[in-house]
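The values are calculated or read from the model by the stated rules, or taken from the named source; none is laboratory data. Computed from a predicted structure; not experimentally measured. Note that each Cβ is placed from the backbone with ideal geometry, even for glycine, and that neighbours are counted across all protein chains shown.
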Amino acid sequence: MTEDLFEDQRLPWQEALCPGALVLRGYALPHDAALLAALDTVAAAAPFRHMVTPGGYHMSVATTSCGSYGWVSDHTGYRYDRLDPATGTPWPPLPPVFIQLAQDAAASAGFEGFVPDAGLINRYVPGARLSLHQDRDEHDFGAPIVSVSLGLPAVFLFGGPRRTDKTVRVPLVHGDVVVWGGPARLYYHGVLPLKDGCHPLLGEQRINLTFRKAG
Ligand code: MD6
Ligand code: FE
């Protein structure tokens, strides 16, 4: 009966970070090949680039977007825009596999009826990091965010409503999904510098997909 010992550790496995924030371990694993194929299509139309922060720094993370709205940063600030500033054309559409995964993951976490209109894609190479921030450029904080980790593992820093709140370290690996909303929607979070490594599917990089309702 050894199976029973591990009954509650089979994937997918849910871990609550706090009310409103949930890690769905391995949730995206069955779809990783389809997600990566769709990612290639998006990145071919809207290439990854290192956005400039309002403070004038280039982000170590490279970004692109898909959907009706893309996330943009420049010297004037952060915003969502219907056009990709690199091409002057609309962002490529959200691939159906992205929409389905985002809806299903949100529903599993208790957020029924989530329909993303923005997919922000972050690419990390070893050393790249994301400093502590809130996601507050979206119009409707009632909608959750669904975040999918692919490739190299990373340590997600998860804090509270104030920048100075204590943070916990959450290791995220290929296939993990974080759903984030309700009372945690505006909590500070970030990603520690990515460690060296080589992932069998993605090589020396981590990809994070975040699905939002921006408009
Ligand atoms: C990342 N994620 O994991 C960065 N934001 O690469 C985020 O900044 C994030 O994972 C809001 C909700 C979930 C997230
Ligand atoms: Fe964020």
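Residues checked against (1) surrounded by fewer than 17 Cβ atoms within 10 Å (Cβ to Cβ); (2) touching a residue at least 60 places away in the same chain (Cβ under 8 Å); (3) acidic (Asp, Glu):
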| position | (1), (2), (3) |
| --- | --- |
| LEU36 | yes, yes, no |
| THR41 | yes, no, no |
| MET51 | no, no, no |
| ALA62 | no, yes, no |
| CYS66 | no, no, no |
| TYR69 | no, yes, no |
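Conditions tested, residue by residue: (1) surrounded by fewer than 21 Cβ atoms within 10 Å (Cβ to Cβ); (2) hydrophobic (A, V, I, L, M, F, W, C); (3) within 12 Å of PHE211 (Cα to Cα); (4) modelled with pLDDT of 95 or more.
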| residue | (1), (2), (3), (4) |
| --- | --- |
| PHE98 | no, yes, yes, yes |
| ALA102 | no, yes, yes, yes |
| ALA105 | no, yes, yes, yes |
| GLY113 | yes, no, no, yes |
| VAL125 | yes, yes, no, yes |
| HIS133 | yes, no, no, yes |
| ILE145 | no, yes, yes, yes |
| LEU152 | no, yes, no, yes |
| VAL155 | yes, yes, no, yes |
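The condition of being more than 16 Å from ligand 1 (Cβ to nearest atom) and either in contact with a strand residue (DSSP E or B) (Cβ under 6 Å, 6 or more places away or on another chain) or among the hydroxyl-bearing types (Ser, Thr, Tyr) (or both) holds for only one of ASP137, ASP81, ASP117, that being ASP81.
Among the candidates ALA128, ALA143, ALA102, ALA107, which residue alone is free of Cβ contacts under 8 Å to residues at least 60 places away in the same chain and not in a strand (DSSP E or B)? Spell out how you get there, then give the answer.
Numbers: ALA128 fails: free of Cβ contacts under 8 Å to residues at least 60 places away in the same chain; ALA143 fails: free of Cβ contacts under 8 Å to residues at least 60 places away in the same chain; ALA102 fails: free of Cβ contacts under 8 Å to residues at least 60 places away in the same chain.
Only one candidate passes the filter, namely ALA107.
For the stretch 29-52, a residue qualifies if it is of a type in the set (A, V, I, L, M) and more than 11 Å from THR64 (Cβ to Cβ), and the qualifying residues are LEU29, ALA33, ALA34, LEU35, LEU36, ALA37, ALA38, VAL52.
Any residue at all in the stretch 185-198 that is of a type outside the set (Phe, Trp, Tyr), surrounded by 17 or more Cβ atoms within 10 Å (Cβ to Cβ), outside any loop (DSSP other than H, G, I, E, B) and more than 10 Å from ligand 1 (Cβ to nearest atom)? Outline the logic, then answer.
Within the stretch 185-198, the subset of a type outside the set (Phe, Trp, Tyr) is 185-186, 189-198.
Among the residues that remain, those that are also surrounded by 17 or more Cβ atoms within 10 Å (Cβ to Cβ) are: 185, 189, 191, 194.
Narrowing further to those that are outside any loop (DSSP other than H, G, I, E, B): 189, 191.
Okay, now just the ones that are also more than 10 Å from ligand 1 (Cβ to nearest atom), so none.
No, the conditions are met nowhere in the stretch 185-198.
Scanning the stretch 104-158 for residues that are away from ligand 2 (no atom under 16 Å from the Cβ) and β-branched (Val, Ile, Thr), we see that the one that is nearest to VAL178 (Cα to Cα) is VAL115.
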